[in-house]
1. Scanning segment 202-220 for residues that are of a type in the set (S, T, N, Q) and either under 17 Å from A239 (Cα atoms) or crowded, with 24+ Cβ neighbours inside 10 Å (or both), which turns out nearest to the chain's Cα centre (by Cα)?
2. Can you tell me which condition A154 does not meet? The list is (1) at pLDDT below 85; (2) assigned to a helix (DSSP H, G or I), and all the others hold.
3. Looking for something part of a helix (DSSP H, G or I), within 22 Å of A12 (Cβ to Cβ) and of a type outside the set (K, R) - is there at least one such residue anywhere in segment 45-63?
4. Between residues in segment 351-370 that are over 20 Å from S23 (Cβ atoms) and residues that are modelled with pLDDT under 85 and not in a helix (DSSP H, G or I), which pairs lie under 9 Å by C-beta distance while being six or more apart or on different chains?
5. Report, by residue number, each residue of segment 50-71 that is in contact (Cβ under 8 Å) with a residue 60 or more places away in the chain, within 25 Å of L27 (Cβ to Cβ) and either aromatic (F, W, Y) or surrounded by fewer than 22 Cβ atoms within 10 Å (Cβ to Cβ) (or both).
6. Any residue in segment 312-327 that is at pLDDT 80 or above and either outside any helix (DSSP H, G or I) or touching a Ser or Thr at 6+ places or on another chain (Cβ under 9 Å) (or both)?
7. Restricting to segment 11-40, what's the tally of residues that are part of a helix (DSSP H, G or I) and crowded, with 24+ Cβ neighbours inside 10 Å?
8. Counting just the residues of segment 178-211 that are among the small types (G, A, S) and modelled with pLDDT under 70, which one comes out farthest from S305 (Cα to Cα)?
Amino acid sequence: MAGDQLFYIALAWYCIEVSGLESTAGLVAFLGALPRTLLLLPGGVVADKRGSKHVAVRAASVRTALLSLAVAGTFLQGMSLGLLVAAATMFGVTEAFYLPSSQSMVATVGKPGSEERLQPLFSGVEKVALSVGSAFGGVCIGVLQPSGAFLIMAAASAVSAAMLALVKEGRPAPAGTDVTVVSIFAGVTTGLRKVLTRPSLRSTLILVTVAEFAASGLTGVGYAMLSSEQGWGSERMGAILSYFGIGAAMASFLVALFGTRRGAELVGPSMSIVGLAFAASGACKSPLLCALLAGVAGLGSGVSSTMLLTRFVTQAEEGQLGVSMSLLSTAVFAAAPLSYLYCSLVAGLVSVVGVFCSLGALLVLTSLRCRCMGVQETDG
């Protein structure tokens, strides 16, 4: 996860550096996210049929090879917009198989019924990795050549593949099933029907999608735009994003410590806090104040995202977790490229401040609708 975050912030920064336009970061991120979005559901079906660990290890290995090619390309030919688009696209393809398989491993490494305890811990560790990746990424971009930054990404991916291969699963992996186009299509349609016909899963999916539309654009390209406009540099951009990650990690660990029993009551207020903090961040002239506000946004985001994700995982059917998580990831990553595109358009037509204020307002309005959307209800 730390390597992934390094890749995304490097992609945004290098796009701005090569083109000289803040809006280019959102456009390239949008183009790179399309194949990931289209392939996530098939990737989840493959994980269910072949085993989460099996698919995650192989996807991480392929990703390492692709990043190694990016190292060679940047070293031999230098940085170009075409190379960045190609790297983003290939990275997105491997992520489509890696994300649902690695995320569904939370249900295979522990005993049945342990998901409610393990998921907040997984979320906390993930957010720590995002924070580390943001801070380290900002430094790498500032002091290393692009080939050096891509080399670190490839090394991180290789370590990830090796560590995943060593994980012992607490439940038996599914018997090797032939994966065909017909079986993938059948798995996708069955998974969609089971998730979308359950009110609790459907409402959670909607809330996650709206929240991700707002947050992904700002953390993916918004802070890069703001840092470039204010002249703060890549190191401060990375530090700001790391504050967001630290806040989110702290919140996830607190949820794991105190439990999720009454967590649904906190989803709405925490989303409001995120929205207000994001809106205020866009108007900041001080990188320190912006970082502190990003930390506040991270705290709120950590609470709401961990509660919603735990709710989704614990209510998904066993044997369908891979495709269920891929549906959640599809919603998230379908929202992300649209958010990148939105950020680029608003930044170009209005201002970077307009990007932060409009998406912050969306989160506040969504938080007011949480109860109406049924986030506190169950299917029973």
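1. Ranking the candidates gives S216 first.
2. All conditions pass for A154, except number (1).
3. No, because not a single residue in segment 45-63 is part of a helix (DSSP H, G or I), within 22 Å of A12 (Cβ to Cβ) and of a type outside the set (K, R).
4. Filtered contacts from segment 351-370: T366/M373; C370/Q376.
5. Of everything in segment 50-71, just one residue is in contact (Cβ under 8 Å) with a residue 60 or more places away in the chain, within 25 Å of L27 (Cβ to Cβ) and either aromatic (F, W, Y) or surrounded by fewer than 22 Cβ atoms within 10 Å (Cβ to Cβ) (or both), namely V71.
6. no
7. 12
8. S183
The values are calculated or read from the model by the stated rules, or taken from the named source; none is laboratory data. What you see is a predicted model, and the numbers here were worked out from it, not measured in a lab. Virtual Cβ from ideal backbone geometry, glycine too; neighbours counted across all protein chains shown.
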